[in-house]
1. If only one of 201, 242 is modelled with pLDDT of 95 or more, surrounded by fewer than 20 Cβ atoms within 10 Å (Cβ to Cβ) and among the hydroxyl-bearing types (Ser, Thr, Tyr), which one is it?
2. I'd like to know if the range 254-264 contains one or more residues that are farther than 30 Å from residue 36 by Cα, open to solvent by less than 40 Å² (accessible area, probe 1.4 Å) and touching a residue at least 40 places away in the same chain (Cβ under 8 Å).
3. Would it be correct to say that residue 106 is closer than 17 Å to residue 154 by Cα and either modelled with pLDDT of 95 or more or open to solvent by 10 Å² or more (accessible area, probe 1.4 Å) (or both)?
4. What pairs come up if the first residue lies in the range 212-233 and is closer than 23 Å to residue 74 by Cα, the second is open to solvent by less than 40 Å² (accessible area, probe 1.4 Å) and polar (S, T, N, Q), and their beta carbons are under 9 Å apart, counting only those six or more places apart or on different chains?
5. Taking the range 171-209 as the search range and keeping residues that are out of contact with any Asp or Glu (no Cβ under 8 Å at 6 or more places or on another chain) and among the small types (Gly, Ala, Ser), which one is nearest to residue 45 (Cα to Cα)?
6. Do we find that residue 158 is under 17 Å from the mean Cα position of the chain (by Cα) and of a type in the set (Lys, Arg) in this structure?
7. Conditions first: (1) within 28 Å of residue 7 (Cβ to Cβ); (2) at pLDDT 95 or above; (3) not in a strand (DSSP E or B). Residue 264 passes all but one, so which condition is the exception?
8. Going by the structure shown, is residue 208 open to solvent by 40 Å² or more (accessible area, probe 1.4 Å), assigned to a helix (DSSP H, G or I), touching a helix residue (DSSP H, G or I) at 6+ places or on another chain (Cβ under 9 Å) and closer than 30 Å to residue 80 by Cα?
Amino acid sequence: MSEFNAFLKTQNDIDAVNAISAFLAFKDIPQASSPPVDMVIHAGNAILETAQAACKTALEANCPLLFSGGIGHSTTLLVETVRAETLLPETHLEDRSEAEIFGTLASEVWKFPREKLILETRSANCGENATFTKIRLTELGLEPRTAILFQDPVMQLRTFVTFQKAWQDASCVTVFHSCPTFIPRLEMRDGIVTYAAGLPSGLWSPERFMSLIMGEIARLRDDENGYGPRGRRFIPHVEIPSEIEVAYQHVHELLKNHGNAKDRVLT
C-alpha cells in the first residue's frame with residue numbers, strides 16, 4: 001500500500017495536501033500580448049519533466065536556455081533518475097553538476113542547440129540559483145527583459161520570489177514568469193492514496209513530497225523562522241492565504257500525531 005496511506009486517511013486530508021501543493025506551484029505564464037521571451041531559466045531539481053518542458057519552451061521562443069544547479073540536495077536523486085531511464089552513459093553522470101547533467105540531456109537527448117545553452121554550475125540552493133544566475137548573465141553581458149522560470153513545482157513560488165529579489169537592484173528590469181510544468185495532486189483510487197492520473201513518472205517518494213510541501217510553507221512565512229523580511233531576509237514578503245494556513249495546520253497535525261512521520265517529515 002502507498003506510503004501516503006500512512007499519513008492520509010480521508011478526502012479532507014487529501015484536499016488539504018492538494019491545496020498546499022497548488023499554492024506552491026505558482027503559475028504566471030506570459031500572455032499572447034506579453035513581450036517576447038528573451039530567456040528560459042531552469043533551476044536544478046530531480047524531475048526530468050521540468051527540464052524537458054524548459055527545453056521545449058526555449059525552442060518555441062527561439063531563445064537561450066540557462067540551466068542553474070551545482071551539486072546539492074537533489075543531485076543524487078537526479079543521477080538515480082537519469083540512470084534508471086538509461087538516458088546518459090555513466091561518464092556523463094559521475095561528479096557532474098545538475099546543470100551539466102541537464103545540459104547534456106538537452107543537447108544529446110532533447111536536441112536543444114548547444115550554442116543556445118548556458119550553464120551555471122555552482123549553486124547549491126534556491127537563493128544561489130538566483131544569485132549565481134545573475135552573476136553568470138552579467139559575465140556574458142546578457143540582460144533579459146522577460147524570462148520564464150522552471151523549477152520543481154513545489155518550489156516554484158519560492159524560486160519566483162527569490163529571483164525577483166535578486167534582480168531588484170539590477171541595471172535592467174527583468175520581468176519573470178513562473179511555469180510549474182504540472183500541478184502535483186493526490187487522489188484515492190481503490191482505497192489507496194497516490195499521485196493523480198496523468199502526472200509525470202519519476203515523482204517524489206511520498207515521504208519526500210510531504211516533507212517538501214511542509215518545509216516550503218515554513219520557509220515562505222514572513223516571521224522570525226521564515227525566509228521573509230522579518231526572518232532570514234532571503235525573499236520578499238509572501239502573503240499566505242488563510243485557507244492555506246488552515247490546510248497546513250491540518251496536515252501538520254496529521255504528521256505530528258504519526259509517530260515516525262514527525263521525525264522524518266517535519267524536520
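The values are calculated or read from the model by the stated rules, or taken from the named source; none is laboratory data. All figures in this text were calculated on a predicted structure; none of them were measured in a lab. Cβ placement follows ideal geometry from the backbone for every residue including glycine, while neighbour counts extend to all protein chains displayed. The protein model used for the area step is the full one, side chains on, heavy atoms only, and it has no ligands, DNA or RNA in it. Shrake-Rupley method; radii C 1.70, N 1.55, O 1.52, S 1.80 Å.
1. Values: 201 fails: modelled with pLDDT of 95 or more.
Going through 201, 242 in turn, just one is modelled with pLDDT of 95 or more, surrounded by fewer than 20 Cβ atoms within 10 Å (Cβ to Cβ) and among the hydroxyl-bearing types (Ser, Thr, Tyr): 242.
2. We begin by selecting, within the range 254-264, every residue farther than 30 Å from residue 36 by Cα; these are 254-264.
Adding the requirement that they be open to solvent by less than 40 Å² (accessible area, probe 1.4 Å) leaves 255, 261.
Of the ones still in play, those that are also touching a residue at least 40 places away in the same chain (Cβ under 8 Å) are 255, 261.
Yes, the range 254-264 contains a residue that is farther than 30 Å from residue 36 by Cα, open to solvent by less than 40 Å² (accessible area, probe 1.4 Å) and touching a residue at least 40 places away in the same chain (Cβ under 8 Å).
3. Details: closer than 17 Å to residue 154 by Cα: no; either modelled with pLDDT of 95 or more or open to solvent by 10 Å² or more (accessible area, probe 1.4 Å) (or both): yes.
No: the conditions fail for residue 106.
4. Filtered contacts from the range 212-233: 213/21; 227/162.
5. Per the stated criteria, the residue is 201.
6. Working: under 17 Å from the mean Cα position of the chain (by Cα): yes; of a type in the set (Lys, Arg): yes.
Against the criterion (under 17 Å from the mean Cα position of the chain (by Cα) and of a type in the set (Lys, Arg)), residue 158 qualifies.
7. (2)
8. Working: open to solvent by 40 Å² or more (accessible area, probe 1.4 Å): yes; assigned to a helix (DSSP H, G or I): yes; touching a helix residue (DSSP H, G or I) at 6+ places or on another chain (Cβ under 9 Å): yes; closer than 30 Å to residue 80 by Cα: yes.
Criteria met by residue 208.
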